[in-house]
Amino acid sequence: RPVRVRLAPARAYVDEKQKGEAVATTQLEALKTMSVVVADTGKPELVKKFKPQDCTTNPSLCYQAVQDPEYHGFLQQALNSKAAKSTDPARPYAGVADVLSVIIGAEMLKIVPGRVSTEVDAHLSHDAKACYDKAMHLLDMYAARGIEPSRVYIKLASTWAGVEACRRLQREGVDCNMTLLFSFGQAAACADVGAALISPFVGRILDWCAALLCTHLAAPRCNSVLQGSWLTSVLIALSPVGCS
C-alpha cells in the first residue's frame, strides 16, 4: 500500500520550535545557528565585534595585531617577560613570539566562551619531541595566567613529527588542532591519532579531497572535528554548512 505523508503535523512541529526564536538578520548570525564560528585573528576588538565561539591565533596574526598602536602594550609585555628568552641563538625572538601568542590568547579567552588555539613554532615541525615540549611550555604559560588546558587547543603542523606529538598530547588529555594540512593522507593520519580538531585549508583543496576526508571522519572510530580553515571568501565559508 502507498504510504501517505502527513505534512501538517511536521509543519506544526517546526512552527512550534520556531516560536520565540530570534530571526537571524545577517549571514553570520544564520551561520552560528548551524555551525561553530571560529575567529582567525590576533585582535581582541574583532572578537568582541563578531562574537565567535572559539578563536585561533598564530605568529603571523599576532604580528599583524601589534602593528596597531592599540596593541603595542602586548608586544612590550612579551619583550619584558622572562619567559621570552630564547635558547636558540639563530632565532633570538622565538620566545617573544611564544609569549605574545599566550598574552593575546589569554585576552581572547576573556571574551569567547570556548577555546583558543595557540600554535607551536612551525620551525619545530620536524621534531616530535620539540613540538611536545613547546606545547607543554605554552600550557605552562597559560597556567601561570590561571587558564586551564581545557580552554586551549595546541595547534600543530600536520607533518609526521607533528602527528606523533599530537598522538602523545591527546593521550595525556591535551587537545590538538592540526593545521598546515593540504592532503587527505595528512588528515587521515591526524584522525587516526585522535586529534581533537583537523583544520584543512578549505580554500586550497579540491572538492573531491574534502569529500574523501569527510567520508574518513565519518568512520565510527573517529571522534575528530573537521574545522575549515583559510576561508578566503563568503561563498567558501558558507558552502560546507549542513555537512555532518
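Observations on the structure shown:
- The set of residues in region 62-80 being closer than 18 Å to K134 by Cβ and either modelled with pLDDT of 90 or more or of a type in the set (A, V, I, L, M) (or both) consists of A78 alone.
- Screening V116, V120, V112, V96 for residues that are β-branched (V, I, T) and more than 20 Å from the chain's Cα centre (by Cα) leaves exactly one candidate, V96.
- Single unsatisfied condition, G42 versus (1) within 25 Å of L124 (Cα to Cα); (2) surrounded by fewer than 14 Cβ atoms within 10 Å (Cβ to Cβ): (2)
- The combined condition, being buried (at least 16 other Cβ atoms within 10 Å of the Cβ) and either modelled with pLDDT under 80 or at negative phi (or both), is fulfilled by N58.
- K129 being charged (D, E, K, R) and either under 23 Å from A188 (Cα atoms) or assigned to a strand (DSSP E or B) (or both): yes
- Qualifying residue in region 13-20 (condition: modelled with pLDDT of 85 or more and either among the basic types (K, R) or in a helix (DSSP H, G or I) (or both)): no
The values are calculated or read from the model by the stated rules, or taken from the named source; none is laboratory data. Just so it is clear, the model here is predicted, and its values are computed rather than measured. Note that we place each Cβ from the backbone using ideal geometry, even for glycine, and neighbour counts take in every protein chain shown.
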